[in-house]
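Below is one structure, written out as structure tokens; comments come after it.
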Amino acid sequence: MSNGTHYEVLARKYRPQNFSELVGQEHVSRTLQNAIDSGRVAHAFLFTGARGVGKTSTARIMAKTLNCAVGVTHEPCNRCPQCVEITKGTSTDVFEIDGASNNGVDDVRDLRDNIKYLPSHSRYRIIIIDEVHMLSTNAFNALLKTLEEPPEHVKFIFATTEPHKLPVTILSRCQRFDFKRVTLTKIIARLRYIAGEEKVTISDSALGLIARKGDGSMRDSLTAFDQVLAFCSDTVSDEDVATLLGTIDRRLLAEISAAVFEGNSQAVLAGIKQVDLVGYNMRQFCQELIEHFRNLLVIRSVKKPEEILDITAAELDELRKQSLHVSALDVQRRLTLFIKAETELAYASFPRLIVEMALLKAALLAPLVPIQELIEKIKLLETAAVHTPSLPWEAARVAAIPTQQNVEPRTSTNEPSRHPDAEPALSSKPIGNQTDWGRFVAFVNGKDLQHGAVLEHGSPLKQEPGVIEIGFPAGSYYLTAAQDAEFVADVQKLASAFTGGNTVVRIKSIETGFADAPLSLAEKKKSDAEQLLDELKREVENHPVTKEAERVFGCTVTDVQSF
């Protein structure tokens, strides 16, 4: 490691100097390189994404590729004067501006006046504005015209963490590139390379803690690594990293979660005591616990969790082992408790107590009874109920379930022979008898539910061999639907198939409440249900159990429902 007085931090020392060194943003590198090779380089670019993922580094690499003395190439040489000057930040043709401190309209006007001049010794004047969303509205307005039609020797590169704050007029004039959060495995690989360059001895688990501290930011991870090296020098232990960065030891999380699933409240509280002794923030611990259980839930829910979880292969193996004896539902129920506790910690006076209560609830959570076991218990209750007097509401529950009537088949020696699969013919019984009509509507329902739904609201006025006359209430939707020529034709075909002979269907309009018309199937169902409910209510009100309940609780029956 360097012992010089002018120490260069790792984030600057190992800053990417070409596209191949840009970690985690391969989609951006490939697009920009293709644009350079094909000569389709836009005049304005917008780089968006979280902090420390490589936006400004990419802007500098882009500036070097455009101004490299070797020529416009998809990788800069990093040796020519232009590349060296841009790397050091001393180029007179590449302006890096902080949008937060140069956000006024006068700053933009000065910039606009300066870019009129040709570059001093490069191909392009390149303007890099970091945190461009901090510019004022007037500054954006002053930039619009120049941004839309800049001089041929000028390129703009904007970088921001909050693109939603930019005016749409700016967004529409730029090619936008969205930078991703760097995955944990890629950060660890980069840290491992740097550790080798710096001659540092460190384990993969310690690098994992550092990378996780960065939360997808390569720069934040390198800053944390710098802090660790300043404390531990050339040999770094896992315990030192956990203590220094304030991160939760994954082994402690595994031990506490195992105690939760085992229902071991003693071990759970001992684990919380350990968390408190090492000085971990309780809310941070709860968040780590939520992430741990979320990982377990994903592993138990999908076939390829490695495609979803941002964890190392070793961590995935450990989580797989822990999740072997728990179900996804068990994990989900406990995860819900921890999420609720994390919300309460935001304003809690006793954070440790909140976490302890959540973990104890999770450890003592009663197991869910499997549905099959409940079904078996219900069957046992039904068996036992056969030997005891049934309550009226139980009888009503059974009576409310429609049963299929057994209809004896009619035979006639004079009837012409039909195919064995054909439906029995409609009989010419009086209009008031609805047995054959109900069978016919059931037959239509089996062929066409729409037509059957209409027929259920019709009254069978006449049922004779070769003729069916159906009445519908005047002015009703069902009358309109039934009078449709296509409907009549379809029902005639179905009636002919049902009876085994040609049958004519006639549709008639009847006045509501017409006494001579039998009830439609829909009206009969409604009438039967109302009658059944009235009988049920009388029976419930007069039952000894109900009378005793009214006496004991001082209540009255207000409503009776049949299920």
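Taken together, the values in this text are just the output of simple stated rules run on the coordinates, not laboratory data. Being a predicted model, the structure only gives us computed values, none of them experimental. Methodologically, a virtual Cβ is constructed for each residue, glycine included, from the backbone with ideal geometry; neighbour enumeration extends over all protein chains shown.
Quick notes
- Placing a label point 7 Å from the Cα of residue 72 along the Cα-to-Cβ line, the residues of region 24-50 whose backbone N sits under 19 Å from it are 29-46.
- 0 to 90° range, to nearest 10: angle between helix 351-363 axis and the chain longest Cα axis: 40
- A run of the chain free of exposed loop cleavage sites, with GluC sites (Glu not before Pro) counted only in DSSP states other than H, G, I, E and B and at most 15 other beta carbons within 10 Å, reaches its longest extent at 153-510.
- Angle in degrees between helix 218-232 and the longest Cα principal axis of the chain, rounded to the nearest 10: 60
- Computed from the C-beta positions of residue 303 and residue 95, the FRET efficiency with R₀ = 45 Å rounds to 0.30.
- Residue 120 paired with residue 42, simple spin-label distance in nm, labels 7 Å along Cα-to-beta-carbon: 3.0
- Rg over Rh, two decimals, the chain (C-alpha only, Kirkwood Rh): 1.23
- Given their separation in residues at 0.36 nm each and the Cα-Cα distance between them, residue 136 and residue 9 gain 42.4 nm when the chain is fully extended.
- Here the translational diffusion coefficient of region 184-245 follows from Stokes-Einstein with Rh set to the Kirkwood radius across Cα pairs; for 10 °C and 1.306 mPa s it amounts to 144 µm²/s.
- Whole-number D in µm² s⁻¹ for region 250-363, Kirkwood Cα-pair radius fed into Stokes-Einstein, 20 °C, 1.002 mPa s: 150
- Loop-located trypsin sites (Lys or Arg not before Pro) in region 226-330, at most 11 other Cβ atoms within 10 Å (DSSP): 303
- Efficiency of FRET between residue 204 and residue 172 - r from beta-carbon atoms, R0 41 angstrom, step 0.05: 0.35
- Cβ crowding within 10 Å, taken as a proxy for footprinting-reagent exposure, orders 27, 6, 164 from fewest neighbours to most as 6, 164, 27.
- Charge dipole (the chain, unit charges on Cβ, about Cα centre) - positive-most of 78, 166, 474: 78
- Working from the Cα coordinates of region 136-181, the gyration tensor eigenvalues give, after taking √(5λ), semi-axes of 19, 15, 8 Å in decreasing order.
- For region 1-84, the set of chymotrypsin sites (Phe, Trp or Tyr not before Pro) satisfying both a DSSP loop assignment and a count of at most 14 other C-beta atoms within 10 Å is given as 7.
- Antiparallel bridges, percent of DSSP beta bridges restricted to the chain (to nearest 5): 15
- Here the gap between residue 254 and residue 496, fully extended at 0.36 nm per residue and compared with their Cα-Cα distance, gives a gain of 79.8 nm.
- As computed over region 326-371, the Cα convex hull volume per residue (Å³): 65
- Over 22 Å apart at the Cα level, from the set 64/199; 13/186; 213/303; 213/340, are 64/199; 213/303; 213/340.
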